[in-house]
Amino acid sequence: MIPYAEQVCSLLDELALPRAFFHSQLDRFVAWNSHFLNALNIHDGEIESVLPSEILCFEHGIQFNDGFRIFPCTARLLEGSKSPVNGHAITGRGELTFVMLDVDAPAGVFQGNSTAAVEEERTRFYRFLHDRMSPMLMAMAFLAERLAERLETTEPEAAEEATKIRRLLGDLFDHMHLLFAPPLVSTNPQNE
């Protein structure tokens with residue numbers, strides 16, 4: 001498994017979101033969460049032998065300017081399973097594909113509705129970042145700033161590094177907000 005992919009899947013497991021990553025060239029799942037396994041009706045040991053190309057069917061996707069693509073997909077389940085599970089997959093410039101299943105969606109809900117699904121996932125993920133990650137990032141930034149102040153007179157080089165950490169955390173927070181913030185809805189009737 002890949003550490004950051006494992007972390008993403010684990011965090012999204014807490015939100016009951018069935019998610020997984022697979023390596024497109026190796027055709028192997030590299031990270032998944034328990035809700036993904038439950039949605040496919042398989043066990044942790046089984047997924048290592050399941051090829052993504054055998055269970056995932058992709059439709060025509062949307063290409064974004066930054067190299068990302070989103071595809072509606074359907075997960076064909078293994079024997080003894082319920083009906084197929086719809087979802088989306090996102091690919092970037094690398095070799096990993098992020099699979100997002102929606103066990104609550106009725107069959108066919110994603111066909112022709114990729115943009116709405118992207119916005120729904122973005123909003124859901126933004127809420128998670130806002131509610132769970134933002135307070136931790138802010139606390140880390142605050143601690144780094146306090147550390148820099150304490151070290152300023154005794155160890156200026158260490159204080160400078162703590163200040164850099166604080167700036168990097170602030171940049172990360174800003175980037176997360178720009179990437180995942182839900183679009184603003186205009187309340188001005190003249191703009192509609």
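The values are calculated or read from the model by the stated rules, or taken from the named source; none is laboratory data. Fair warning: this is a prediction, and the values are worked out from it, not measured in the lab. Positions of Cβ are generated from backbone atoms using ideal geometry, with glycine treated the same way; all protein chains shown enter the neighbour counts.
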Exercise. Return only the number of the condition from (1) in contact (Cβ under 8 Å) with a residue 12 or more places away in the chain; (2) within 18 Å of the chain's Cα centre (by Cα); (3) within 21 Å of GLU120 (Cβ to Cβ) that PHE58 does not satisfy.
Key: (2)
Quiz item: Among the residues of segment 63-71, is there at least one that is in contact with a strand residue (DSSP E or B) (Cβ under 9 Å, 6 or more places away or on another chain), touching a residue at least 12 places away in the same chain (Cβ under 8 Å), of a type in the set (Lys, Arg) and over 14 Å from LEU101 (Cα atoms)?
Solution: yes
Self-check item: Criterion: surrounded by 17 or more Cβ atoms within 10 Å (Cβ to Cβ), among the aromatic types (Phe, Trp, Tyr) and part of a helix (DSSP H, G or I) - qualifying residue of PHE29, PHE36
Solution: PHE36
Exercise. Among what's in segment 39-58 and is charged (D, E, K, R) and assigned to a helix (DSSP H, G or I), pick the residue that is nearest to GLY94 (Cα to Cα).
Key: GLU54
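Residues checked against (1) in a loop (DSSP other than H, G, I, E, B); (2) at pLDDT below 75; (3) of a type in the set (A, V, I, L, M); (4) touching a Cys at 6+ places or on another chain (Cβ under 9 Å):
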site: HIS60; (1), (2), (3), (4): yes, no, no, no
site: ILE90; (1), (2), (3), (4): no, no, yes, no
site: PRO106; (1), (2), (3), (4): yes, yes, no, no
site: PHE110; (1), (2), (3), (4): yes, yes, no, yes
site: ASP131; (1), (2), (3), (4): no, yes, no, no
Quiz item: Can you name every residue in segment 62-72 that is assigned to a strand (DSSP E or B) and either among the aliphatic types (A, V, I, L, M) or closer than 20 Å to VAL8 by Cα (or both)?
Solution: ILE62, ARG69, ILE70, PHE71
